1. Please give the FRET efficiency for D46 paired with S119, using the beta carbon to beta carbon distance and R0 = 22 Å, rounded to the nearest 0.05.
2. Positive end of the charge dipole of the range 27-134 (Lys, Arg +1 and Asp, Glu -1 on Cβ, about the Cα centre): tell me which of Y68, L47, Y103 has its Cα farthest that way.
3. Treat the range 20-89 as a sphere of radius equal to its Kirkwood radius over Cα pairs and apply Stokes-Einstein at 25 °C in a medium of 0.890 mPa s; give the translational diffusion coefficient in µm²/s, rounded to a whole number.
4. Of all trypsin sites (Lys or Arg not before Pro) in the range 66-116, which ones are in loop regions per DSSP and have a Cβ with at most 11 other Cβ atoms within 10 Å?
5. What is the spin-label model distance, in nm, from V31 to Y68 if the labels are put 7 Å beyond Cα along the C-beta direction?
6. Could you name the aspartates and glutamates in cross-link range of K106, using Cα to Cα under 16 Å and dropping any fewer than eight places away on the same chain?
7. Could you give the length gained by full extension between I56 and R99, i.e. 0.36 nm per residue of separation minus their alpha carbon distance, to one decimal place?
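Where a number appears in this text, it was derived from the coordinates with a stated rule and is not lab data. Model, not experiment: these values are computed from the prediction. Ideal geometry is used to build each Cβ from the backbone, glycine not excepted, and the neighbour counts take in all protein chains shown.
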Amino acid sequence: MKFFLFILILVSSIANANEFKYLQSESYWTVRPSVFVCSDTNINIDLVKEAIKFWIDNGFNIDPNPSYKDCDRPISFGQITIDYFEEGDNPKNLNGRTREWSYIGKNELLEVEIKIKPSLENEIDLIKHELGHALGLDDDRTGKAVVMRHARNY
Ligand SMILES: [Zn+2]
């Protein structure tokens, strides 16, 4: 596995949030993904747009303009959707979770689903963090980090 250390330093408005460190995972996009916010949430699309801009400024290829969509319909190829956790779908009480879909045995990302806690919908660092995962970055769990990975349970 080819390791590529990607280091982000965020000036964070979240108490106790630290510098983020990521490792490149084996997942990657072969198309430029677009971001969709489920229309039955109160997630602020301008906040999502700002989070996307952060990743574009860090060299990632992603559609700069998020839009709302009806998430009762199945997600489709090339989309990153952001939704709330559903009742009972967050037993570990995570702040956010990102799930990726690929063909079995392949690393190309097809679709990504981000779920966040409704109470944290205005925390841009959470959205940035989960978008990092949606772009194929993993949390650095090597324990070699000079600074803490991140204090929050993202
Ligand atoms: Zn994470």
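1. Details: r = 19 Å, r/R0 = 0.87.
Calculated transfer efficiency: 0.70.
2. Farthest towards the positive end: Y103.
3. On the way: Rh = 13.4 Å.
Roughly 183 µm²/s, to the nearest whole number.
4. Values: sites: K69, K92, R97, R99, K106, K115; in loops: K92, K106.
In loop regions of the range 66-116 (DSSP not H, G, I, E or B), the sparsely surrounded trypsin sites (Lys or Arg not before Pro) are K92, K106.
5. Placing both labels 7 Å along Cα→Cβ, they lie 2.4 nm apart.
6. E26
7. On the way: separation 43, 0.36 × 43 = 15.48 nm, distance 2.08 nm.
Length difference between fully extended and current span is 13.4 nm.
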